[in-house]
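Step one of this worksheet: look at the structure below.
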Amino acid sequence: MAKEPVRVLVTGAAGQIGYALVPMIARGVMLGTDQPVILHMLDIPPAAEALNGVKMELVDAAFPLIKGVVATTDAVEACTGVNIAVMVGGFPRKEGMERKDVMSKNVSIYKAQASALEQHAAPNCKVLVVANPANTNALILKEFAPSIPAKNITCLTRLDHNRALGQISEKLNVQVSDVKNVIIWGNHSSSQYPDVNHATVNTAAGEKPVRELVKDDAWLNGEFITTVQQRGAAIIKARKLSSALSAASSACDHIRDWVLGTPEGTWVSMGVYSDGSYNVPAGLIYSFPVTCRNGEWTIVQGLSIDEFSRKKLDLTAEELSEEKALAYSCLS
Ligand code: NAD
Ligand code: LMR
């Protein structure tokens, strides 16, 4: 029997990530090729015509999984009944800016959209915040939508996770699908800590630790980390626009694994509400290694954290605490 359609909201749908993301959703990349969807697309009035153009293209592409399209500039209409909300709407940074430089514009959007989601989304709606500063926007959304369970509000660090997999695969000249269990700790910012201490590569001789294969701790503790931390800026420098296809694809990975589960023996990185695990202050949206089952994420426990890593976990937590204070000062 055909599945009931799932309603998926994409905010900022007329923007560049939106334009890459909606066809992926329509092709089943996010929820599976047997899952019909009703797409809800929100943008602001100046982008209404472009948004309508995206809607026209969705009709023209005749995607079999699409059972309806709502394209609107009204947040209440956009949020009504949605099961999944991918929050991309906002302003991207330009060359030379840090992600927190777009703070004041973007956190006020997330405060406003929190109530639309809280009041009108389907019960148990899963929220993924993509727009920067992603962790802090997600935290503001959570704080201004107190009836949405904290476990339902997440932010995107899967792009950083995938970037880390990509760097290891290039360094070792192995398939990216053979590399797993890197971790992105903390903020989706240049303070994030890409950690390979538990990462492995599937080889003909079985699973081997990344450190054993790379045999270059100076690279792993230096250039590898800074490359992943700075990759967003490198893309902006090259494209004069921030990452879009990789962001859209990683957003699909995030939701797919959350809803359908992570593969056995594999974890992924998600920005989630901290419960104090790994001595990260509770009450921040912080990226942790997680596994997902039955639509719920769980932080992977018991991983050893060496002194080098501890400092990096703390540094990115400090930045998130500062961002939280800055966000509240922007809203007051
Ligand atoms: P973009 O400017 O191309 O598109 C953003 C869209 O959001 C625009 O169409 C704009 O009109 C719309 N928008 C603005 N305010 C809105 C509001 N209040 N409600 C609904 N829509 C609104 O930008 P983009 O390149 O698509 O990037 C979007 C966001 O995603 C940026 O903040 C960017 O920094 C962030 N980003 C995050 C990651 C990540 O890994 N977390 C990766 C890439 C980009
Ligand atoms: C990215 O990581 O590519 C995005 O967050 C865009 C940016 O501003 O770096």
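Observations, loosely collected:
- Residue-by-residue Karplus 3J(HN,Hα) for the stretch 201-217, coefficients 6.51, -1.76, 1.60, Hz, glycine and proline x: 10, 7, 10, 4, 9, x, 7, 10, x, 4, 4, 5, 7, 6, 6, 8, 5
- Counting all C-alpha pairs of the stretch 96-225, share separated by more than 24 Å (%): 44
- Placing +1 on the Cβ of every Lys and Arg and -1 on the Cβ of every Asp and Glu, with no other charges, gives the stretch 1-160 a dipole of roughly 380 debye about its Cα centre.
- The Rg/Rh ratio for the stretch 44-163 is 0.98, where Rg is the radius of gyration of the alpha carbons and Rh is the Kirkwood radius.
- Near HIS40, once Lys and Arg are set to +1 and Asp and Glu to -1 for all other residues with Cβ below 15 Å from its Cβ, the sum equals +1.
- Over the stretch 271-332, volume per residue of the alpha carbon convex hull, in Å³: 83
- Using R0 = 25 Å, the C-beta based FRET efficiency linking ARG27 and ARG293 works out to 0.50.
- Put in line by how crowded their Cβ is, counting other Cβ atoms within 10 Å and starting with the fewest, MET24, MET41, MET103 read MET24, MET103, MET41.
- Likely footprinting exposure, ASP314, ASP43, fewest C-beta neighbours within 10 Å first: ASP314, ASP43
- Computed from the Cβ-Cβ distance with R0 of 35 Å, the FRET efficiency linking LYS94 to GLU318 stands at 0.85.
- Leading residue at positive end of dipole, the chain (Cβ point charges), from VAL300, VAL70, ALA121: VAL70
- P(r) tail fraction, the chain - alpha-carbon pairs more than 36 Å apart, %: 16
- Straight-distance candidates among the aspartates and glutamates for linking to LYS100, with alpha-carbon spacing under 16 Å and chain neighbours fewer than 8 residues away dropped: GLU318, GLU319, GLU322, GLU323.
- Assigned charges on the beta-carbon of Lys, Arg, Asp, Glu; the chain dipole about Cα centre (debye): 320
- Cα centroid of the stretch 131-166 to Cα centroid of the stretch 167-230, whole Å: 23
- Rounded to the nearest whole Hz, the Karplus-based 3J(HN,Hα) values (6.51 cos²θ - 1.76 cosθ + 1.60, θ = phi - 60°) of the stretch 87-102 follow the sequence 9, 9, x, x, 10, x, 7, 10, 3, x, 9, 8, 5, 6, 5, 9, with x at glycine and proline.
- Computed over the chain: relative contact order in percent, which uses C-alpha pairs under 8 Å that are six or more apart: 17
- Leading residue at positive end of dipole, the stretch 191-312 (Cβ point charges), from LEU241, VAL196, GLY265: LEU241
- Neighbour-limited loop hits for trypsin sites (Lys or Arg not before Pro), the stretch 87-137 (at most 16 other Cβ within 10 Å; DSSP other than H, G, I, E, B): LYS94
- Long pairs among LYS126/LYS180; LYS237/LYS324; LYS3/LYS55; LYS171/LYS312; LYS126/LYS240, criterion Cα-Cα beyond 30 Å: LYS126/LYS240
- Beta bridges assigned by DSSP with both partners in the chain are antiparallel in approximately 50 percent of cases.
- Rough spin-label spacing in nm, given labels placed 7 Å along Cα→Cβ, for ALA238 and SER115: 4.3
- Taking only Cα atoms of the stretch 158-290, radius of gyration then Dmax in Å: 14.8, 43
- Compactness index (Cα Rg / 2.2 N^0.38 Å), the stretch 1-114: 1.10
- The stretch 228-332: translational diffusion in µm²/s, Stokes-Einstein, Kirkwood Rh over Cα pairs, 10 °C, 1.306 mPa s: 100
- Computed magnitude of the charge dipole of the stretch 129-260 (debye, nearest 20; Cβ of K, R +1, Cβ of D, E -1): 380
Where a number appears in this text, it was derived from the coordinates with a stated rule and is not lab data. Predicted model only: the values in this text are computed from it and were never measured. Note that we place each Cβ from the backbone using ideal geometry, even for glycine, and neighbour counts take in every protein chain shown.
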